[in-house]
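These notes are about the structure you will find just below.
Rule-based calculations on the coordinates, nothing more; no lab input. As the structure is a prediction and not an experimental result, all values here were calculated from the model. Heads up, the Cβs are rebuilt from the backbone with ideal geometry, glycines too, and the neighbour counts pull from every protein chain shown.
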Amino acid sequence: MSPRSASVNEELRRRSRERLLQAAVELVGERGFEATTLGDIADRAGSARGLVSYYFPGKRQLVQSAVHRLMHRTLEEALEREPRTEDGRERMARAIDAVLGLAHDRPVLMRQHMAGLLHDEGFVQCPEQRRLEELLSDTVARYGSQDVAADYAMLRALLMGAVYSALVPGVPMPVPALRAELFTRYRLDWELGMPPGSGPGAGAPDQDLSRFFATEDRTGAS
């Protein structure tokens with residue numbers, strides 16, 4: 001049997017890393033960070049346990065990369081969904097809704113992610129984070145930014161603050177209120193993006209918000 005080519009080996013490594021990232025998202029979302037071990041993640045991914053430390057220096061870095069992967073995949077799907085658009089205001093609205101949607105739909109996982117950012121390791125620079133940065137930077141550029149680096153950093157800070165506010169146990173801010181604040185900040189019409197409870201023709205902030213007002217109940221669990 002001839003040895004595998006470098007490109008084949010690289011693809012196998014990529015797939016192995018992807019399986020670990022997906023397993024981390026699933027398990028931390030189900031159990032929380034502390035109850036999930038690296039061994040659990042390796043087992044769920046069908047990987048040898050030694051591979052985890054080969055790709056990641058520790059559990060916190062693995063989980064942060066896994067959440068950044070989930071974020072950039074969710075964001076990319078929102079930005080590219082049909083009908084596809086190059087309109088900067090619509091793409092900004094879609095980006096905001098994609099991130100707020102993760103806070104609503106994945107409260108345990110996103111709460112653990114926010115907590116992890118405050119630990120000593122801080123913000124992990126990884127391929128997944130860089131892809132997320134590329135998408136958000138492109139969003140602010142299409143929106144019309146004259147200083148993409150500064151405006152990307154501000155958008156990132158505002159989104160992180162909104163996610164944190166939506167997930168504070170006991171006193172979560174309603175997602176529609178956070179959305180309204182961000183939409184006002186970026187001068188976006190409520191009908192852009194994916195309004196809460198939307199199909200086509202969703203209405204104003206006080207209409208059809210039942211899906212998002214459930215956030216308070218769902219984020220109370222850890």
Discussion item. For a test of the definition: using alpha carbon positions, the gyration tensor, and the 1.5 limit on a/c, classify the range 1-78 as rounded, prolate or oblate.
Written reply: oblate
Worksheet item: Mind listing the phi-derived Karplus ³J(HN,Hα) values for the range 110-117, rounded to whole Hz, using 6.51, -1.76 and 1.60 with θ = phi - 60°, and x for any glycine or proline?
Response: 6, 5, 5, 5, 5, 4, x, 5
Item to complete: In a Gaussian network model over the chain where Cα atoms closer than 10 Å are linked, find which of Arg69, Arg94, Arg44 has the largest mean-square fluctuation.
Response: Arg44
Practice prompt. Could you work out the relative contact order of the chain, using alpha carbon pairs under 8 angstrom and six or more residues apart, expressed as a whole percent?
Written response: 20
Item to complete: Using a Gaussian network model of the chain whose springs link C-alpha atoms within less than 10 Å, name the residue from Glu18, Glu128, Glu76 with the highest mean-square fluctuation.
Response: Glu18
Practice prompt. Take the alpha-carbon centre of the range 19-58, take the same for the range 60-125, and report the distance between them in whole Å.
Written response: 19
Worksheet item: If you take the beta carbon distance between Glu18 and Asp147 as r and set R0 to 30 Å, what does 1/(1 + (r/R0)^6) give as a FRET efficiency, to the nearest 0.05?
Response: 0.30
Worksheet entry | Per-residue ³J(HN,Hα) for the range 32-45, Karplus 6.51 cos²θ - 1.76 cosθ + 1.60, θ = phi - 60°, Hz, x for Gly and Pro | x, 5, 5, 7, 9, 9, 4, x, 4, 5, 4, 5, 4, 7
Worksheet, complete the sentence: Tilt, helix 175-185 to longest principal axis of the chain (alpha-carbon atoms), in degrees rounded to tens, equals 70
Worksheet item: Modelled label-to-label distance, Glu80 and Glu30, 7 Å Cα→beta-carbon offset: nm?
Response: 2.8
